[in-house]
Amino acid sequence: MKFISYLKSGKPSLGIVHDHNLNIVDIPEISNNVLPGDLLEYLTNFSFNNARLDDLLLNNLKSYNKIQYSDILAPINNPTSFRDFYAFRQHVEAGRKNRGLEMIPEYDQIPVFYFSNHNSIIGPGSVVVYKDHLNKLDFELEIGLLISKAGKNIKSNEAFNHVGGLMILNDWSARSLQFEEMKLNLGPAKGKDFATSIGPYVVTLDELSDKIVGDESDMVYDLNIKGYLNDELLCTDNLKNISWNFAEMIERASYGVDLLPGDLIGSGTCATGCLLELNLKNETDIWLKEGDNVNFIVDNLGNLSNTITLG
């Protein structure tokens, strides 16, 4: 299933995407308001709610709500936390090179992450930034994962049982602020906390079964990843090239702490997935500006489009 949050008659609701034309089955409508219309609430009883929804979709599917892309909201606008990993080696190497640092062996020993602002999650559409953000403003092309089942000290071979699905994620980065604060060996914080885009929907793992690479429990998928700036293709990679898989990330994130339904995990930026890396590679100095459109397209996960707006 593809869970989508969208505006229905001007109010947020939760639906299932029926086809590529954005025909939506509204979950509260089809269940007579028995099932939640908010994804965070839905996740708190994910397996049970899915079973009930499966029955309804099988037996009572009668009508769809046709929506526009502009109606789409972030699949979950209030995740309980947001951990962003560093799981693609090429991006890590590029970031360290930019800071005049060599790659270090510790990268291959543990998957690392930082906590970002789970209260600044947005969906497709405008990304409102302020003057200081526009000083070397960057996008970061990632894959996001949503936790659907609580757990602590989760082993990697059991991690997939705790996953609601995958989505596209854009970890917006104000590089000038980021570079300044990271000189103090802390952060990123203000360089990242103003916005993270996710969407356009959350795709459950069963929808990706024909894309599995290796063991199902590793959650590695053969999904082409593309990033466009103003319709120009800049970024290309594949999720199968990830250095630390999602199962390993979940095991690390859950060590000694509880993961909760609604926790958001980011993969980290894919290869060529940001202007920082592309500028290093091409010896350019290109950054985002007001009015720019950034569009990410990933096999099976849809497209996430955002436009830069000055606040």
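Find the percent of Cα-Cα distances in the range 230-311 that exceed 22 Å, and round it to a whole number.
44 percent
Got the relative contact order for the chain handy, in percent, Cα pairs under 8 Å and 6 or more residues apart? Intermediate results must be reported in sequence, preceding the final value.
Values: 738 pairs, mean separation 73.3, N = 311.
This gives 24 percent for the chain.
Remark on the range 1-127: hydrodynamic radius 17.3 angstrom, per the Kirkwood mean of 1/r across alpha carbon pairs. Spin-label model, ASP206 to GLN68: label points 7 Å out along the Cα-to-beta-carbon direction sit 3.4 nm apart.
Rounded to the nearest 0.05, what FRET efficiency do GLU290 and THR236 give with R0 = 30 Å and r taken as the Cβ-Cβ distance? Could you check? Display every interim value, and only then the final one.
On the way: r = 26 Å, r/R0 = 0.87.
Calculated transfer efficiency: 0.70.
The modelled label-to-label distance between LYS97 and SER120, using points 7 Å beyond Cα along the C-beta direction, is 2.8 nm. In this simple spin-label model, placing a label point 7 Å from the Cα along the Cα-to-Cβ direction at both SER9 and ASP222 gives a separation of 4.6 nm. Counting only residues at least eight positions apart within a chain, or on another chain, the lysines with an alpha carbon under 21 Å from that of LYS66 are LYS2, LYS8, LYS11.
I need the fraction of alpha carbon pairs in the range 148-198 separated by more than 12 Å, rounded to a whole percent. Beyond 12 Å sits 70 percent of the P(r) for the range 148-198. Counting neighbouring Cβ atoms within 10 Å and putting the fewest first, the residues HIS162, HIS20, HIS91 line up as HIS20, HIS162, HIS91.
Could you work out the equivalent-ellipsoid semi-axes for the range 46-197, taking the square root of 5 times each eigenvalue of the Cα gyration tensor, largest first, in whole Å? Before the final figure, lay out the partial values.
On the way: eigenvalues 230, 100, 30 Å².
For the range 46-197, the semi-axes come out at 34, 22, 12 Å.
Considering only GLU181, GLU290, GLU102, the mean-square fluctuation computed in a Gaussian network model of the chain, springs between alpha carbons under 10 angstrom, is largest for GLU102.
Extent of the range 202-255 along its three principal axes (Cα atoms, max minus min coordinate, largest first): 40, 26, 21 Å. Comparing ARG52, ARG175, ARG89 in a Gaussian network model of the chain, where Cα atoms under 10 Å apart are tied by springs, the biggest mean-square fluctuation is seen for ARG52. Its residue count N fixes a reference of 2.2 N^0.38 Å for the range 81-310, and the Cα radius of gyration divided by that reference is 0.95. Shown here is the pair-distance distribution of the range 113-168: with all Cα-Cα distances grouped in 5 Å bins from zero up to the longest one, the shares run 4, 11, 17, 24, 17, 10, 7, 8, 2, 0 percent.
For the range 172-203, the residues whose amide N sits under 15 Å from a probe point set 7 Å from the Cα of VAL257 along the beta carbon direction are 187-188. FRET efficiency for the THR44 to HIS18 pair, using the beta carbon distance and R₀ = 30 Å, is estimated at 0.75.
Would you work out the charge dipole size for the chain about its Cα centre, treating the Cβ of every Lys and Arg as +1 and the Cβ of every Asp and Glu as -1, and quote it to the nearest 20 debye? Provide the component values of the computation, followed by the final result.
Details: 26 positive and 42 negative charges, 115 e Å.
Charge dipole, the chain, about its Cα centre: 560 debye, nearest 20.
So how do ARG96, ARG252 line up by other beta-carbon neighbours within 10 Å, fewest first?
Working: ARG96 14, ARG252 17.
Arranged by neighbour count, lowest to highest, ARG96, ARG252 become ARG96, ARG252.
Cβ crowding within 10 Å, taken as a proxy for footprinting-reagent exposure, orders THR272, THR196 from fewest neighbours to most as THR272, THR196. Computed over the range 161-260, the alpha-carbon pair-distance distribution with 10 angstrom bins reads 12, 32, 38, 16, 1, each value a whole percent.
Taking a cut-off of 13 Å, what percent of all Cα-Cα pairs in the range 2-71 are separated by more than that? In whole percent, the share of Cα-Cα pairs in the range 2-71 beyond 13 Å is 62. Based on DSSP H segments of at least four residues, each scored -39500 (n - 2.57), the chain has a per-residue ellipticity at 222 nm of -5000 deg cm²/dmol. Between LYS155 and ILE110, the C-beta separation translates, for a Förster distance of 22 Å, into a calculated FRET efficiency of about 0.90.
Values quoted throughout were computed directly from the atomic coordinates according to the rules given, and no laboratory measurement underlies them. Nothing here was measured: the structure is a model prediction, and the numbers come from that model. Note that each Cβ is placed from the backbone with ideal geometry, even for glycine, and that neighbours are counted across all protein chains shown.
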